[in-house]
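*Asks:* Right, I'll just put the structure down here and ask away after.
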Amino acid sequence: MKTLRTIAELRAALNGPRRAGRSIGLVPTMGALHEGHLSLVRRARAACDEVVVTLFVNPAQFDDPRDLAAYPRDEAQDAALAAEAGADVLFAPPPGEVYPRGFATTVTVDEISAPLEGAQRGPSHFAGVATVVTKLLNMVQPDVAFFGQKDAQQVAVIRRVVRDLDIPARIEVGETIRDADGLALSSRNARLRGDERRRALALHRGLEAVRACHAAGERDATILAAIGRAAMAELAVEPEYLELVTQDSFTPVHSVGDEPVLVAVAARVGDVRLIDNEILNRSQ
Ligand code: AMP
């Protein structure tokens, strides 16, 4: 696996394979790689001829400077893990390569960027995500780009960008990878201290409670959300939001019918902000 720092090097490395008709897969990450990321790299390895993993902690999507400063970074370990999972190229540019002096263009996605994560983290969060992902898609020009269901709203925003801006990449979504007890893997989990690791399970417990109640026949979204919040309260965690929304447009659902419904949750445990989600009536 080659580690590359500049867009020129990246383009040069991909030129040959692209002209030879080899398919290119892209897995964008912010590093601190765990099984969630690596499952996407393996999936890309299985589906594509060339696998590019990007490692860039994107300052534009952090609303909280302390979160950016505390974000775990270990490039040497990430490089070893990415190589082992089958990456051919690790693209790890410095911030100035991605945002050169005078950078002035932002990709904003209306409507689906506004609720939930957008409401909590502010409108610049998904603008930062949409802008950097558009740039990475332009830099790599992959046939397929791989994202995780854990960041469900991010997936919806990226799907919209790709559709609206006619970006010729297919988007594939990998299931959420969890610890044995159900906690969704996240680079931020490393910052959970002492009792916080146990309490972080509140998000999964809340979602499981909603799922069980739905399976038992409850259809009222307000009641389902209240059940989820109550399960979280048992671990003394109050969510920033726990909401039932449509999967594509993230509009609130009042009653769960036959269509898939996304149950999305975010909560702070100590200093660490975590998100998770579950799909009711999952198609397939
Ligand atoms: P991040 O480094 O947090 O920006 O994540 C990079 C990619 O990995 C995104 O597409 C995430 O949705 C995905 N990802 C992060 N955590 C998980 C997980 N636990 N399971 C599956 N995918 C994940």
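Rule-based calculations on the coordinates, nothing more; no lab input. The structure displayed is predicted, hence computed values, not measured ones. Neighbour counts run over all protein chains shown; Cβ positions are idealised from the backbone, glycine included.
*Asks:* At a 10 Å Cβ-Cβ cut-off, how would you order Thr222, Thr108, fewest neighbours first?
*Replies:* Listing Thr222, Thr108 from fewest to most nearby Cβ atoms yields Thr222, Thr108.
*Asks:* Taking the Cα-to-Cβ direction at Ser249 and at Phe103 and moving 7 Å from each Cα, how far apart do the two end points lie in nm?
*Replies:* 3.3
*Asks:* Using modelled amide H (1.01 Å from N, peptide plane; none on Pro or chain starts), what sits under 5 Å from the amide H of Phe91, excluding residues fewer than 5 places away?
*Replies:* Leu4, Val53, Thr54, Leu55
*Asks:* In Å and whole numbers, how far do the C-alpha atoms of region 127-284 stretch along each principal axis, longest first?
*Replies:* 47, 40, 26
*Asks:* Helix 7-19 versus the longest principal axis of the chain: what is the Cα-based angle in degrees, 0 to 90, to the nearest 10?
*Replies:* Its long axis makes an angle of about 80 degrees.
*Asks:* Here is a further query. If one computes the Cα centroid of region 174-198 and of region 7-33, what distance in Å separates the two points?
*Replies:* The two parts, judged by their Cα centres, are 30 Å apart.
*Asks:* How far is helix 152-164 tilted off the main Cα axis of the chain, in degrees rounded to 10, range 0 to 90?
*Replies:* Around 50 degrees separate the two axes.
*Asks:* Right, here's the next one. Add +1 for every Lys or Arg and -1 for every Asp or Glu among the other residues with Cβ under 10 Å from the Cβ of Met139, and state the total.
*Replies:* Charge balance near Met139 sits at +1.
*Asks:* Once the principal axes of the Cα atoms of the chain are found, what is the range along each, listed largest first in whole angstroms?
*Replies:* Projected onto its principal axes, the Cα set of the chain covers 56, 41, 38 Å.
*Asks:* Taking the beta-carbon count within 10 Å as an exposure proxy, list Ile275, Ile167, Ile223 from fewest neighbours to most.
*Replies:* The most exposed by this proxy come first: Ile223, Ile167, Ile275.
*Asks:* Next question, about the same structure. Students often check this: by mean Cβ neighbours within 10 Å, which of 207-216, 5-14 ranks highest, and how do the rest follow?
*Replies:* Going from most to least packed, we get 207-216, 5-14.
*Asks:* Does anyone have the angle between helix 75-85 and the longest principal axis of the chain? Alpha-carbon axes, 0 to 90°, nearest 10?
*Replies:* The two axes meet at around 90 degrees.
*Asks:* Another question, if that's okay. Hey, rough spin-label estimate for Met1 and Arg219, points 7 angstrom out along Cα→Cβ, what's it come to in nanometres?
*Replies:* With each label placed 7 Å out from Cα toward Cβ, I get 4.9 nm.
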